[in-house]
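Q: Structure provided below as structure tokens; questions to follow.
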Number of protein chains: 2
Amino acid sequence: MEKVQQLKTHLSDVVRLNQAAALLGWDQQTYMPPGAAESRAEQLATLSKLAHEMFVADETGRLIEAAEAEVQGADYDSDEAALVRVVRHDYDLETRLPSRLVQDIARETTLGHEVWAKARQDSNFAAFAPTLERIYDLMREKAEALGYEDRMYDALLDQFEPHMKTAHVETLFDGLRAELVPFVAAIFERLDRVDSSMLRLPYDVERQAEFGLKVIKQLGYDFSRGRQDKAVHPFTTSFSINDVRITTRYLPDFLPSALFSSVHEAGHAMYEQGSSQSLEGTMLAGGTSLGVHESQSRLWENIVGRGKPFWQHFYGDLQRTFPEQLGGVDLDTFYKAINFVSRSLIRVEADEVTYNLHIMLRFEMENALLEGRLAVKDAPDAWNSKMQSYLGITPPDDAKGILQDVHWSSGLVGYFPTYSLGNFLSVQYWDKALQDVPSIPDDIARGDFSTLRQWLQDHILVYGRKLWPGELTERVTGEPIQTRSFMRYLKDKYSEIYGL
Amino acid sequence: MEKVQQLKTHLSDVVRLNQAAALLGWDQQTYMPPGAAESRAEQLATLSKLAHEMFVADETGRLIEAAEAEVQGADYDSDEAALVRVVRHDYDLETRLPSRLVQDIARETTLGHEVWAKARQDSNFAAFAPTLERIYDLMREKAEALGYEDRMYDALLDQFEPHMKTAHVETLFDGLRAELVPFVAAIFERLDRVDSSMLRLPYDVERQAEFGLKVIKQLGYDFSRGRQDKAVHPFTTSFSINDVRITTRYLPDFLPSALFSSVHEAGHAMYEQGSSQSLEGTMLAGGTSLGVHESQSRLWENIVGRGKPFWQHFYGDLQRTFPEQLGGVDLDTFYKAINFVSRSLIRVEADEVTYNLHIMLRFEMENALLEGRLAVKDAPDAWNSKMQSYLGITPPDDAKGILQDVHWSSGLVGYFPTYSLGNFLSVQYWDKALQDVPSIPDDIARGDFSTLRQWLQDHILVYGRKLWPGELTERVTGEPIQTRSFMRYLKDKYSEIYGL
């Protein structure tokens, strides 16, 4: 496979430049002194520019073509065939975008982020509207440049969830919505059955950190190839399979925040750490899509971390860590508390049950805005009426409504649905893991996370980007992505918690 | 200055790549998880390779020539003229080295470092000798490639101290040696006059860190553009004028180590932070030579930090921080203790008085080895007899003798003299500062370091690399580098301490 090797060698500089850029980004969020902002922007611009130029060079195209000829007839699962497939996909995406458009988007979204932040602070949508208009114009231009067969949104979605189609997401959401909206409404009738007030006491931040660290180490996040630092926003970033770092932040008077976000990020990090070592330094290392990535973080955060077996193991320890706050709270009460449902206005604070309604709303609005069925000026009203119909509440102002998320101002259109796809997949993968290894819940209750981790490693993580998300799910579960399992999971869990 | 601007733009990617590489190096020494070593080496190799390739490209040569024509007749001190001068110097150095030789040196020193570490551990010079032979062969080859008029060593020295000549260093050392050796011998007769045992008690590491931080902030190291972290070895690194970081390590039972090394590194860092902002993102930012760099670190560490006025200000605070250890020690006793002289075998632990004898020894040996006047096999004997004649002691083994320093195994030949040049310059600059601003010692005794800092800023720091070290010293002090001032400083200070 001489040609594939040439392609790999040619691209290794691109991979290493991108890894270096990721480290600069991590440092920016963790340790960089404030005065360095401008020089850091210049350094990142140089690395991104060089990586982009080297990747879209004609030489890359020629090497891909030669490698494609060489891998014809090769095993589909071989590293070589997969590398050529994935590089072709990324190369086509990146070369289809004129650099003028890339620069326009970069400029508009750099400014746009500031305009949005100010508009949200003032709860003034009108101040953001012209920027949003321009961003959607650019997104339409981007979709046309990338190309699509059916729906304009397909082109944007494909960047984050390769080969997923808009119509497919609509079908999934339609099915879920029909069952979920009445289920949410039923729970909303009984919100007072769960008391979560003990989670909102003062919790010493040092002890939170220590407990959280112990938990994620035990889950299997490998600290010889990773670390956790503090940052304003929790995130996962990776500079190679063997250097995957997470960040967190601690709220002194809300226990679940740092703990579950640490477990969430550890889920992402274990995915990045799990790629086969043969993929290190190539474009095949890492996660195959944002949806599959989110399946890992949500599986660990929600199914495991907010599940009963997990707390059968950890709750005694947590009580000993916070005896004043939790000494008199029994396991069942605590379990219900960490799964409390609320009429949430803010997506990032939403519980498992309502979370996907927030996503559907954004997905529907993104499509309508992109296809011109909704004017930007009418967007806040559309947002508010959807909130009322899905969640039974109307935001008091646009800051808590349409202005709450950073994504659109950053040009991230087509991104939101991957959060829901991740939720659906997390339950499908979990169900399959339990079918293969029925002892997993008992293992977890004993503090043994290795059976689950090994199953995920062997069936999902090891592949890196070698299989597209749809292929991976079919191969792992024997069927495509669906919402049936997720809805059943919600009903089972929350019917018990809320006595439905 | 269109051509200069083109050159600047062309080189900005090189500068940013090198800055990014420096951050990767910093992370490697501070926060990188151990598993990442291999991928980090790949990332650094890519960044260095790209920066080198872009710098030595023919395009750079053409742009320099065009810019040289443009700056003819321009003000020597202008940023433009200086940029062209410095880039020409660096370009000639880097293009004269065949990439085959660069690779040979890289390979030999990468291996060499491990061979040396093992040999030192076993105190077995014979195991290191073949490597040292090859390294000196490569150094001769390097010197020939770089070119020189008088002495082979000139070519190597010039990399670290531009335009300094070997013969000049010899003259300086000859003059100093004649006075220093008998002075050291006289002090060695009276070592028992200073008791430093109170420095070797247990000192809480957290309190050491807090006190050290307070000190370097007060000196003027700007933490909005810098930070201090822990690492195995103390060092300073810079990713722009506005992001200059230092590291330190704490010894739990030797107070001076972390404290004075923090002040030392802060001296380096303030030099890097002090370049004119107009030089940011160009090859003119930073220090003009290792010698001038060391003048700043040693001025702050020794002349200021081990001086009386400094402790008139800080000693009360230090006593309150460590009441058990220092409560009963008066200022004069403490001042003498931190300036204790010893028959030091190890250079990095040597006091101000004996330090330069260690450097002379290495400088003489480097020249003799390079010029073939000394065979590698005879080097340990040469080392030991010089130690006896300069310092009156013979190392008990080669680990504490010829194998103690990392430099030769890393291919750093020509580097050592800059330590001494820095010591000489530190006193010359200090004398001139006091002549211009006589209140400086009193200001320091009151805890006001701004008058000294501002003088250094205006006379040295602001220039970055715009003036060569010799030019800078002439301009600042009105004379070339000399050892007279340094020897007078030693005699004044240590005659008092040791009652000579």
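Q: Using a 10 Å cut-off around each Cβ, can you sort B:300, B:383 from fewest to most neighbouring Cβ atoms?
A: Fewest-to-most ranking of B:300, B:383: B:383, B:300.
Q: Evaluate E = 1/(1 + (r/R0)^6) for residue B:102 and residue A:92, where r is the Cβ-Cβ distance and R0 equals 41 Å; express this FRET efficiency to the nearest 0.05.
A: Approximately 0.60, to the nearest 0.05.
Q: From the label point of residue B:249, set 7 Å from Cα along Cα→Cβ, how far away are the matching label points in the other copies, in nm, ordered shortest to longest?
A: 3.6
Q: Here's a follow-up. Reported to two decimal places, what Rg/Rh ratio describes the stretch B:422-500 when computed on Cα atoms with Rh from the Kirkwood expression?
A: Ratio of gyration radius to Kirkwood radius for the stretch B:422-500: 1.01.
Q: A follow-up question, please. Given R₀ = 45 Å, FRET efficiency for residue B:75-residue A:65 by Cβ-Cβ distance, to 0.05?
A: Calculated value: 0.25.
Q: What distance in nm separates the simple spin-label points at residue B:454 and residue A:230, each placed 7 Å from Cα in the Cβ direction?
A: 3.6
Q: Could you bin all the Cα-Cα distances of the protein assembly as shown into 20 Å bins starting at 0 and give me the percent of pairs in each, rounded to whole numbers?
A: 11, 37, 32, 18, 2
Q: Once the Cα atoms of the stretch B:288-363 are picked out, what are the Rg and Dmax in Å?
A: My reading of the Cα-based Rg and Dmax gives 15.0, 45 Å.
Q: For residue B:242, what charge total do you get from the other residues with a beta carbon under 15 Å from its beta carbon, if Lys and Arg give +1 and Asp and Glu give -1?
A: In short, -2.
Q: With contacts defined as alpha carbon pairs under 8 Å and 6 or more residues apart, what's the relative contact order of the stretch A:1-96 in percent?
A: RCO, the stretch A:1-96: 40 percent.
Q: Next question. If you filter the stretch B:27-130 for trypsin sites (Lys or Arg not before Pro), then keep DSSP loop positions with at most 11 other Cβ within 10 Å, what is left?
A: none
Q: How much of the DSSP bridge set in chain B is antiparallel, in percent, rounded to the nearest 5?
A: Restricted to chain B, the bridges split so that about 40 percent are antiparallel.
Q: A further question on this structure: Fewest Cβ neighbours within 10 Å first, please rank A:177, A:475 accordingly.
A: A:475, A:177
Q: Separate question: Quote the Stokes-Einstein diffusion coefficient, in whole µm² s⁻¹, for the stretch A:1-96, based on the Kirkwood radius over alpha carbon pairs, a temperature of 25 °C and a viscosity of 0.890 mPa s.
A: Rounded, D is 166 µm²/s.
Q: Divide by every residue of the protein assembly as shown the summed helix terms, -39500 (n - 2.57) for each DSSP H run of at least 4, and state the resulting mean residue ellipticity at 222 nm, rounded to the nearest 500 deg cm²/dmol.
A: -21000 deg cm²/dmol
Q: Now a separate question. Return, ordered by residue number, the residues of the stretch A:396-413 whose backbone nitrogen is under 13 Å from a label point located 7 Å along Cα→Cβ of residue A:384.
A: It comes to A:396-403, nothing else.
Q: Could you give the length gained on full extension between residue A:207 and residue A:111, defined as 0.36 nm per residue of separation minus the Cα-Cα distance, in nm?
A: Between residue A:207 and residue A:111, full extension yields an extra 30.6 nm.
Q: Which ³J(HN,Hα) values, rounded to whole Hz and listed in residue order, are derived for the stretch A:426-436 from phi using the Karplus coefficients 6.51, -1.76 and 1.60 in 6.51 cos²θ - 1.76 cosθ + 1.60 with θ = phi - 60°, glycine and proline given as x?
A: 4, 6, 4, 5, 4, 4, 5, 4, 5, 5, 6
Q: A further question follows. Stokes-Einstein diffusion coefficient for the stretch B:351-500 at 25 °C in a medium of 0.890 mPa s, Rh from the Kirkwood formula over Cα pairs: what value in µm²/s?
A: This corresponds to a translational diffusion coefficient of 136 µm²/s.
Q: Still on this structure, I have one more. Taking all pairs of different Cα atoms in the stretch A:265-404, averaging 1/r and flipping that mean, what Kirkwood radius in angstroms comes out?
A: 18.3
Q: Let me check the size of the stretch A:162-500 from its C-alpha atoms; what are the radius of gyration and Dmax in Å?
A: When restricted to Cα atoms, the stretch A:162-500 yields Rg and Dmax of 19.7, 57 Å.
Q: Separate question: Quick one: label points 7 angstrom along Cα→Cβ at residue B:58, distances to the other copies in nm, smallest first?
A: Spelled out, the distances from residue B:58's label point are 1.8 nm.
Q: Of B:412, B:367, B:457, which is farthest towards the positive pole of the stretch B:324-457's charge dipole, taken about the Cα centre with +1 and -1 on the beta-carbons of Lys, Arg and Asp, Glu respectively?
A: Ranked along the dipole, the leading option is B:367.
Q: Along the positive direction of the dipole of the protein assembly as shown (beta-carbon charges: Lys, Arg +1; Asp, Glu -1; about the Cα centre), which of A:124, B:106, B:45 reaches farthest?
A: Value: A:124.
Q: How high is the FRET efficiency from residue A:222 to residue B:371, r the C-beta distance, R0 56 Å, rounded to 0.05?
A: With a Förster radius of 56 Å, E is 0.60.
Q: A follow-up question, please. Kindly write out, for the stretch B:474-481 in residue order, the coupling ³J(HN,Hα) from the Karplus curve 6.51 cos²θ - 1.76 cosθ + 1.60 (θ = phi - 60°), rounded to whole Hz, with x marking Gly and Pro.
A: 4, 5, 6, 10, x, 8, x, 4
Q: Find every distance from the label point of residue B:95 to the corresponding label point in the other copies (7 Å from Cα along Cα→Cβ) and write them in nm, one decimal, shortest first.
A: 3.4
Q: Right, here's the next one. Translational diffusion coefficient, Stokes-Einstein: compute it for the stretch A:159-265 using the Kirkwood radius over C-alpha pairs as Rh, at 4 °C and 1.567 mPa s, and state it as an integer in µm² s⁻¹.
A: For the chosen part, D equals 76 µm²/s.
Q: Please compute the average number of Cβ atoms from other chains found within 10 Å of each residue's Cβ in peptide B:274-287.
A: Mean partner shielding for this stretch: 1.
Q: Quick one: give the max-minus-min coordinate of the C-alpha atoms of the stretch A:220-267 along each principal axis, largest first, in Å.
A: 35, 21, 13
Q: Let me ask something else. What is the spin-label model distance, in nm, from residue A:492 to residue B:191 if the labels are put 7 Å beyond Cα along the C-beta direction?
A: 7.7
Every number in this text was worked out from the coordinates using simple rules, so none of it is lab data. Computed from a prediction, not measured in an experiment: that's the story for all the values here. For neighbour counting, all protein chains shown are included, and Cβ atoms are generated from backbone atoms with ideal geometry for every residue, glycine included.
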